[in-house]
Structure formats: structure tokens, C-alpha cells
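**Student:** Would you mind keeping the following structure in view while I ask a few things?
Throughout, read-outs are computed from the coordinates displayed, never taken from laboratory work. Worth saying up front: this structure is predicted, and the values here are computed from it rather than measured. Neighbour counts run over all protein chains shown; Cβ positions are idealised from the backbone, glycine included.
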Amino acid sequence: MVSDTVRSSPRFMHLPTFMRAPLIEDRSEFDIAMVGVPYDGAVTNRPGARHGPREVRSASSMIRAIHPVTRLNPFELCQIGDAGDVPFENLYDIAAVHAEIEAFFRAVGDDGLTSLAIGGDHSVTLPILRALATEGPLGFIQVDAHTDTWDSFMGSELSHGAPFRRAVEEGLIDANRTVQIGIRGAQNSMEGWDFSEATGMRVLFMDEFTQIGAEAAAQEARDIVGDGPTYLSFDIDGLDPAFAPGTGTPEVGGLSTVEALTLLRELRGVQFLGADVVEVSPPFDPAGITALAGATMAYELLCLLSDQSSKKGA
Ligand code: MN
Ligand code: MN
């Protein structure tokens, strides 16, 4: 049994792990690993997401255990720990960094743990999907201002604007079981939007999301991903910059934190096998509100994952 003395201490105390969970030393004692992925070498504009995991760890000390709506306590459902950060030996070669991320998440999965990743720029989701989609393409729910299905940028096909185009090409996600929620902002070309729609993804632009509301959006997402294994990726820029200014490519007119919480809560029961929160950029987050929003979304994802993971062994 893992000791949980930190979580029972006042919240201002001790070294900041995610949600004040114990550091994972022996993976066999845990069900869910929260993993920091401090990498932002694939951004197309403003950097800083490499500092995301550290600030989300700090902000997540605010998060307590029992969910205010479901009354579930993920820390009672599962053994949840902080696996630390992906230990990089490369930083200046995106493909090499991605290989290290993939290897780390594959090792965690091989030991039977479900992962909740905290980025990092959105390129890090691609190697995580490579590690997880071992038995065929996954269902995919993405909250984001951007589809991230552009092809190449400045000579690279691995930028944070491209991961889900690559994921479709590599058979990691099933475009027909993919929904992208919160898409907005003017573009210089429609190439990314066109790719998403041409491959069969449901692109829920923000104007339509605003009309139908978070509950209906969640219901549609549930219908699209069905009851197969599904991954959820939450780009913090899906939120309006009023709620999440600290990110590299903000777009006004996004989800409120209330809408995002409602959306995630309505996804309970989907067969999630992993999730992430990415693109928190602390240098653009002087008041720390983006880190807190990221930590709170991560808690909601932890509740979804622990609900699933606790049924796995039952
Ligand atoms: Mn993104
Ligand atoms: Mn984005």
C-alpha cells in the first residue's frame, strides 16, 4: 500500500507533485501515472510550454480529492502517483525527443498503468498515441482552438500544428471516431480544416459549439467515439484566453472553464485509455490562472480515467 501522508497534509506543504500524489518509485504499486512532458521544441509561435509541468504541479496543490458533482474520489478508486518527467537525453531533434516520449509511455503502459500526461506543446501527443495505439486506431476527443492537422511548417512535419494529421496517416487514431471541439480563429490557409473534414473527423467549430452547448457537444462526442478505446487530448488554448491566457497560440472566443468542466463531466463512461493536458505556457501566465485551469482539467481527466481503470480490474 502506498503511503499518502502528503495528501493528508496542509496543501502548502511538501514538494509539489501532481495533485500532491506520491512519487512513483515502484510502478507495480500504482494504477495511474501522471507524467510531465516538459518539451516545447515543436511550437510554431510562442514557446514556454516546457515549463508547463512544473507550474501545473504547483497549481495542482490547490486540488482536493472528492468530485463536487459525482462525489467520486479518484484517489480511493485507484492508486494514483506522479511518475516525474519524461527523462530527455535529446532536446534539439524533434524526432529523437518523440522517440524518448514514446518509449517512456510504452514502458508505463507495459507495466499496466494508465497515463495522464501534462505537456509540453501539442506535438507530444503524437508519440503518446504511438505508445498506446498498439491494437489499432483509437477513438479521439480533442479540445483545441486548432485542428493540428496541418502538414508541414518550416520544413518539419512534426510541429505542434501537425500531430493529428500524422496520427491519421500512421493509423493511430480513427478519423471516423474523432471529434475536434472548440475550433476557431482566422487562418492563412484552410488546409488543416480541410484535412480533418475530408478524412471524416467531426470538426465542431466554436460557433456551432456555442449554439448547441456543452451537454449536446458531449453527447455527440460520445456517439462518435462509441464504446471502443478512446484517448482525450485537452489543449489549454481550447479555453478562451480570458480563462487561459498563458499559452502559445491563444484564440479569443473559446470555451469558458464552466463549459469545459461540463463537457468533460458529461464524458463519464467513455472507454478512455489515456489523456493529456498540453500547451500551458507559464511565461505568458503571470497570475498563474492558466496553470490552475490546466490542473483543474487534469483533475477532471483523472476522475474519468480512475472511473475506467477501477472497472478494468473489477
Ligand atoms: Mn493543439
Ligand atoms: Mn491549439
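**Student:** Hey, quick one: spin label on residue 188, modelled 7 Å out along Cα-Cβ, who in segment 42-57 has an amide N within reach, i.e. under 13 Å?
**Tutor:** Hits in segment 42-57 for residue 188 at 13 Å: 44-45.
**Student:** Moving to a separate point now. Once you compute Rg and the Kirkwood Rh from C-alpha atoms, what is the Rg to Rh ratio for the chain?
**Tutor:** Values: Rg = 17.7 Å, Rh = 19.0 Å.
The Rg/Rh ratio comes out at 0.93.
**Student:** 222 nm [θ] for the chain, helices only, -39500 (n - 2.57) per DSSP H run of 4+, per residue, to 500?
**Tutor:** On the way: 9 runs with 106 residues, N = 314.
After summing the helix terms and dividing by the residues of the chain, the value is -10500 deg cm²/dmol.
**Student:** Taking the Cα centre of segment 4-313 as origin, sum charge times position over the Cβ atoms of Lys and Arg (+1) and Asp and Glu (-1), and report the length of that vector in debye to the nearest 20. The partial results should precede the final answer.
**Tutor:** Values: 22 positive and 45 negative charges, 187 e Å.
Dipole magnitude for segment 4-313 comes out near 900 debye.
**Student:** Calculate, for residue 134 and residue 208, the FRET efficiency according to 1/(1 + (r/R0)^6) with r their C-beta to C-beta distance and R0 35 Å; round to the nearest 0.05.
**Tutor:** Values: r = 34 Å, r/R0 = 0.97.
The computed FRET efficiency comes out at 0.55.
**Student:** In whole Å, what three semi-axes, largest first, describe the equivalent ellipsoid of segment 87-202 built from its Cα gyration tensor (square root of 5 times each eigenvalue)?
**Tutor:** Sorted largest first and rounded, they come to 24, 17, 12 Å.
**Student:** Give me the percent of DSSP beta bridges within segment 4-313 that run antiparallel, rounded to the nearest 5. Numbers along the way, then the final one.
**Tutor:** Numbers: 1 of 37 bridges.
That works out to approximately 5 percent antiparallel.
**Student:** Among bridges DSSP assigns within segment 123-255, what percent are antiparallel (round to 5)?
**Tutor:** 5
**Student:** Moving on. I'd like the distance separating the alpha-carbon centroids of segment 189-230 and segment 100-148, in whole Å.
**Tutor:** 19
**Student:** Related question: For segment 1-37, list residues with backbone N below 19 Å from a point placed 7 Å from the Cα of residue 76 toward its Cβ?
**Tutor:** So the set is 1-9, 20-22, 31-32.
**Student:** On to the next question. What net charge is computed for the residues neighbouring residue 150, neighbours being all others with C-beta under 9 Å from the C-beta of residue 150, Lys and Arg scored +1, Asp and Glu -1? Can you show the working numbers first?
**Tutor:** Working: positive: 165; negative: 148, 151, 191.
Summing Lys and Arg as +1 and Asp and Glu as -1 gives -2.
**Student:** Any chance you could run the full-extension gain for residue 107 through residue 90? It's 0.36 nm times the residue separation minus the Cα-Cα distance, nm to one decimal. Mind showing how you got there, number by number?
**Tutor:** On the way: separation 17, 0.36 × 17 = 6.12 nm, distance 1.82 nm.
Result: 4.3 nm gained on full extension.
**Student:** Report the full-extension gain for the segment residue 215 to residue 154: residue separation times 0.36 nm, less the Cα-Cα distance, to one decimal in nm. Numbers along the way, then the final one.
**Tutor:** Working: separation 61, 0.36 × 61 = 21.96 nm, distance 3.88 nm.
Taking residue 215 through residue 154 to full extension adds about 18.1 nm, to one decimal.
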